[in-house]
1. With θ set to phi - 60° and the Karplus curve 6.51 cos²θ - 1.76 cosθ + 1.60, what are the ³J(HN,Hα) couplings of region 32-45 in order, to the nearest whole Hz, using x for Gly and Pro?
2. Once you sort the root eigenvalues of the Cα gyration tensor of region 15-88 as a ≥ b ≥ c, which label holds: rounded (a/c under 1.5), prolate (a/b larger than b/c) or oblate (the other case)?
3. With an 8 Å Cα cut-off and a minimum separation of 6 or more residues, compute the relative contact order for region 28-140 in percent.
4. Restrict the search to region 28-106; then list the trypsin sites (Lys or Arg not before Pro) that DSSP places in a loop and that have at most 16 other Cβ atoms within 10 Å of their Cβ.
5. Excluding residues fewer than 8 places away in the same chain, name every one of the lysines whose C-alpha is closer than 21 Å to that of Lys122.
6. Please sort 96-107, 167-178 by packing, taking for each peptide the average over its residues of neighbouring beta carbons within 10 angstrom, highest first.
7. Compare the peptides 71-84, 111-124 by average per-residue count of other Cβ atoms within 10 angstrom and give them in order, highest first.
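Just so you know, all these numbers are worked out from the coordinates, no wet-lab data involved. What you see is a predicted model, and the numbers here were worked out from it, not measured in a lab. Please note: Cβ atoms are built from the backbone with ideal geometry, for glycine as well, and neighbour counts cover all protein chains shown.
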Amino acid sequence: MNEDAASHADVGADASPSRARPRVLLADDHTLVREGLVRLLAAELEIVGAVADGRALVAAAEQCQPDVVLVDVTMPLLNGFDAVRQLQRACPRGRIIFVTVHAEPDYVQEAFRAGAHGYVVKTAASSELLVAIRKVLAGGTYVSPGLVYEPRPGALEEGLAGGELSSRQREVLQLVAEGRPAREIGDILGISRKTVEFHKARLMRVLGLRTVAELTRYAVEHGLLPGR
């Protein structure tokens, strides 16, 4: 199944019409993970959408206004970190929980800098995710046991894609690294091909990279793309 199609096909697929239960939107680029999360949560929560990429997540959150958003770090079109930053405007009252394979301290730190309220590793027991959701809905935060998270203001300016890059440059970085041509990137971002090329040249200069291969390797190392 085409993942871009899956991004939109699952939105609004739900569960119960009841509004008494907390409303949950989830994003993961693996179909089996999305389906597993829906099965796990549907008895206790109202699933208002399940999408496969970061851009679909932002659009669905703006439309559905969920109480809780579950999001992976590495997703196509827009990674979880930058998607969550955009959710601060699209869905300001939603509580954000990252559900990911990444257990490294830098990833945890970056998630909370982006606006997360919880961070759960995919190796955790299913019951842990429910505990995390209940805790963040009650106004708290949650981090999987064993993970290192120490709030350090300003500590991760170079975490995701370098503090020198603007949000637009990070978007271009990911899309170029995914192998998308400039015209397609322009269509996705709503900018001209010339502007795409400008951002590409600027970010490669700032990062000291000379080829798309180097840029792709950088994106993988910083969580924008899965390892290849």
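1. Values per residue, Gly and Pro as x: 4, 5, 4, 5, x, 5, 4, 4, 5, 9, 4, 6, 10, 10 Hz.
2. Details: a/c = 2.42, a/b = 1.41, b/c = 1.72.
Cα axes put region 15-88 in the oblate bin.
3. 22 percent
4. Arg93
5. List returned: Lys135.
6. On the way: 96-107: 19.5, 167-178: 21.7.
Top of the packing list down: 167-178, 96-107.
7. On the way: 71-84: 25.6, 111-124: 20.5.
Result, highest mean first: 71-84, 111-124.
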